[in-house]
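Colleague: Right, I'll just put the structure down here and ask away after.
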Amino acid sequence: MSFDVSAKLAQKFFPFLLLINSSLYADEVMIITADRIKSSTDKSTSDVKIITADDIKKSEGRSLVEILSKESDLSVTTSGPSGSSASLFLRGTDSSHTLVVIDGIIMNDPSNPNRQFDIGKLSLNNIDKIEVLKGSQGLAYGSNAIGGVIVITTKKARSKKLSGESYVDYGTFNTVNVGSNIQKKFDKLNLSFGADYMNTSGFSVADERLNPNAEKDRAQRATLDLRAGYDLSEFYSMDLNLRYVHSKADLDKGGGAGADDPNDKQQEEELYSKIQFTKYWPSGNAETKFLYNRSTHFRETDVIPDSKHPESSISLNKGELNTLAVNHTYFINEQLTQNLNIDWLHEKDQTRHFNQNFSGFLYHQLELPSTIYNFGFRIDHNRIFKDHATYRVAAGKKIDVGLVKLSYSTGFRAPSINQLFDPLYGNVNLRPESSQSTELSFEKRIYENLKTTSTLFYTKIKNRFSFTPNTFVNINSGKAEIIGFEENAHYNWTPQFNQTLSFTLLKTHDLNLGQKLARRPDINARNVFSYLFQDKNYFDYELSYVGKRLDVDNVGNNVNMDSYFLSSLNYRYVLNDHQDFYLKIKNLFDTNYEEIYGFGTGGRALTLGAHYNF
C-alpha cells in the first residue's frame, strides 16, 4: 500500500475515530526516550505505551510476560510454566519483528535462528520504566524493529539516602519469586543493584489433556543487575551497565499427543554489558554519547534417551554481539532538535560465521506552537546484503479536543546467521525483509474523567523469509498484510473506582498462502476494574478475551484455535508506607484454554506475597 492509499484509508476512517472512546494510560505528562529524541507524551508523534515502576508495583508483576500480557495490542504466547520460552507478536507482526533493548543494550540473540529475544527469561526486578514503541522503528533501531521496540530502563538512585525494595511470594506449582534491589547516590557516583530468583515445579509443557500421566516440567531463573554512573567533571560522565541471567527449564518434544518427555532439558546464560561516555557541550545545546555494548548468549539443550524416545543429543549454541556507536543530539533552537547516530555492529555464533553492519541515521524533531513534525533517513551497509535505506515521516497536530498523529515509516529485518550459513538450509543470497507502515491515531479527553485514544494502522511486509518445499533452503518469497484498529478507554467513575477498557481488531493475511498469519487473534480485549477501599485495600479484576486464530500442529497442518475468556483477580493490602501484602489469582474460573496448539497452560494459579520498600 502506498502512502497516498494509506492516507485515503486514514481519511475514510477519521470521522469514525472521533466518535470512539479509547484511552491514554496516565493523566500526567511523562518523559519518553524510546524514539531516540527525548520528548514527552504530549509532544511525541510516536505511539508509546509507558509502564512505570509504580505500575509494576501495583500489579506485583514479576516478569515481562506477566506485565505485557495485560495489553490488548500485544499478543504474548508462552510454551509452559513461568520461566518457559515466550514470544511476543506486536501489532500482528512476527515475534522476530520486535527488538528488545535494556539501557541501550540490544537483547536479541544472534545465535537464535530468527535472532529474536525470549521475553520469558526477563525479570522485572530493578526496572524503572518500560516503553513499548509501537509500529515500525527501522529508522532509529535498524533490524528486527518492524513491529516495534521494547525499551527498558533500570532504576537509578535519586538521592544520597539508601533506597530500594524487596519482595517474596509463593504460589501454585510451588512457584517461588524472591528479589531485592537497592540504589544510592554519592557525591559523583550513582549505584543501583538488583538480584532475583524464580523457581517452579511447573506443569507439563505438553498439554496434560493430550498426554495422560505427563510429568511436570520445572523452570528456574536467576538475575543479577548492576548500573553505575560517575560524573567525571562538569561536562563529562561515564556509565556502566552489567546484567547476568542464568536459567534452566525442562522441555518436552513440543505440543500435542505423545510429546511429553521426562528427560530433555535446557540451560541458558546471558551476559550483557555497556560502557558509555557522555560529553555535555558548554553551550548547553548539545550532548554526545560514545558507547560500547557487548552481549554473549550460551544455550545448551540435552536430549536424553529413554524407552519411548531413543534419540540422544547435546546441542550448544553461542551468540556474541558487539556494538560501537556515537550518538549526537543537537538542540538547534527551541523548536528544532537533531539527532545523528553512527554505529558498527558485529555478530557471530558457535559456527564462527559472522556478519557485520555499519549504519548511520539523521533524525529531526520540529515543534511548532500547534504542530509537531518528525522526519529522518537511515542507511545500513551490511556485509552480506550491502545497502538498505529506511526512513520515517510523522506529524502531530494539537486541536481543541486533543492530538492527532499521522506517520509513515519503513523497516527491515536482516537475515540471521543461521538463515545465511546453516550447512543444510542456509542461503547467503538472502535479502532483508522490508516493511511499509502507516498509522493514524487520535488522543483526546471526552470528559474530565475520561481520556481516549484510537489508532488505525496498516503494515505490508515483503521478502518474508520462507523456504523451498523440497529442500527447505531459506529463500525470500513471502508477503504479508496487516490491518488493525486499537481502542483504549480509561474512566474514573469515582476517586476510588476506575475502569480501563481496551481491544484490538486485527486482520492479517499471508499473501502467498492465502490464509491468516499464525497465532494472531482476530480480536484481543481487556476490561479492568480497579477499586481502592479505605486507602489500604486495592482490588483489580481483569476480564480478557482472546479471539479465534490459526496455528500449526506438530506435522505442519493448520489448526483453528478456539477463542476463550479469562478472569484474574489481584488484591493488595497496604500496611504502611513501607509494607504491603498481595494475593493474585490467575484464571479465576479455571478455564481450559490453549495459547499454542498442544501446549499446557496450567489452569487456575494463586500467588501470595509480601513487598517491602525503603
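The values are calculated or read from the model by the stated rules, or taken from the named source; none is laboratory data. The structure presented is a predicted model; accordingly, all values stated were derived computationally and were not measured. Positions of Cβ are backbone-derived with ideal geometry, glycine not excepted, and every protein chain shown enters the neighbour counts. Accessible surface is based on the protein model in full, side chains and every heavy atom, while ligands, DNA and RNA are left aside. Shrake-Rupley method; radii C 1.70, N 1.55, O 1.52, S 1.80 Å.
Colleague: Leaving out ligands, DNA and RNA but keeping every protein chain, what accessible area does F117 have, in Å² rounded to the nearest 10, with a 1.4 Å probe?
Modeller: So the heavy atoms of F117 present about 30 Å² to solvent.
Colleague: To the nearest 10 square angstrom, what accessible area does D54 show with a 1.4 Å probe?
Modeller: 80
Colleague: Distance from the Cα centre of the stretch 480-527 to that of the stretch 580-614, in angstrom?
Modeller: Measuring centre to centre over Cα atoms gives 22 Å.
Colleague: Heavy atoms only, probe 1.4 angstrom, no DNA, RNA or ligands counted: give me H381, H246 ranked by accessible area, highest first.
Modeller: Ranking H381, H246 by accessible area, largest first, yields H381, H246.
Colleague: Counting each DSSP H run of 4 or more residues in the chain as -39500 (n - 2.57), what helix-only mean residue ellipticity at 222 nm follows after dividing by all residues, to the nearest 500 deg cm²/dmol?
Modeller: Working: 5 runs with 37 residues, N = 614.
My calculation for the chain gives -1500 deg cm²/dmol from helical runs alone.
Colleague: Using only the alpha carbons of the stretch 218-292, what is the convex hull's orientation-averaged projected area in square nanometres? Don't jump to the answer; show the numbers that get you there.
Modeller: On the way: hull surface 30.7 nm².
Over every viewing direction, the Cα hull of the stretch 218-292 projects on average to 7.7 nm².
Colleague: Further, regarding this structure: For mean projected area of the Cα convex hull in nm², several values are listed as (1) 32.0; (2) 26.7; (3) 38.5; flag the one computed from this structure.
Modeller: (2)
Colleague: Sticking with this structure for a sec: Over what distance in Å are the Cα centres of the stretch 246-287 and the stretch 207-224 separated?
Modeller: Centre-to-centre distance over Cα atoms comes out at 20 Å.
Colleague: Now for a different question. Would you mind putting 248-258, 349-359 in packing order, based on average other-beta-carbon counts within 10 Å, highest first?
Modeller: Details: 248-258: 19.9, 349-359: 16.5.
Packing proxy ranking, top to bottom: 248-258, 349-359.
Colleague: Name the long-range amide H neighbours of L124: under 5 Å, sequence gap of 5 or more, or other chain; modelled H, no Pro or chain starts.
Modeller: Amide H neighbours of L124, under 5 Å, 5+ apart: S63, L64.
Colleague: Could you list which residues have their amide H under 5 Å from that of D42, counting only those 5 or more apart in sequence or on another chain, with H placed in the peptide plane?
Modeller: Distant-sequence amide H within range of D42: M30.
Colleague: Long-range amide H contacts for I384: which residues qualify at under 5 Å (H placed 1.01 Å from N, peptide plane, sequence gap of 5 or more or a different chain)?
Modeller: Counting only residues 5 or more places away or on other chains, the set is Q356.
Colleague: Arrange the residues L74, L224, L406 by how much accessible surface each exposes, largest first, with a 1.4 angstrom probe. Write out the running numbers ahead of the final one.
Modeller: Numbers: L74 5, L224 85, L406 60 Å².
Solvent-accessible surface, decreasing: L224, L406, L74.
Colleague: Sticking with this structure for a sec: Please turn the phi angles of the stretch 233-246 into ³J(HN,Hα) values with the Karplus equation 6.51 cos²θ - 1.76 cosθ + 1.60 (θ = phi - 60°), one per residue in order, whole Hz, x for glycine and proline.
Modeller: Once θ is set to phi - 60°, the couplings for the stretch 233-246 become 6, 5, 10, 9, 9, 10, 10, 10, 10, 9, 9, 10, 10, 10 Hz.
Colleague: Keeping all protein chains in place and using 1.4 angstrom, which order do Y582, Y197 fall into by accessible surface area, from largest down? Could the numbers behind the result be given before it?
Modeller: Details: Y582 5, Y197 90 Å².
Reading off the accessible areas and sorting them downward yields Y197, Y582.
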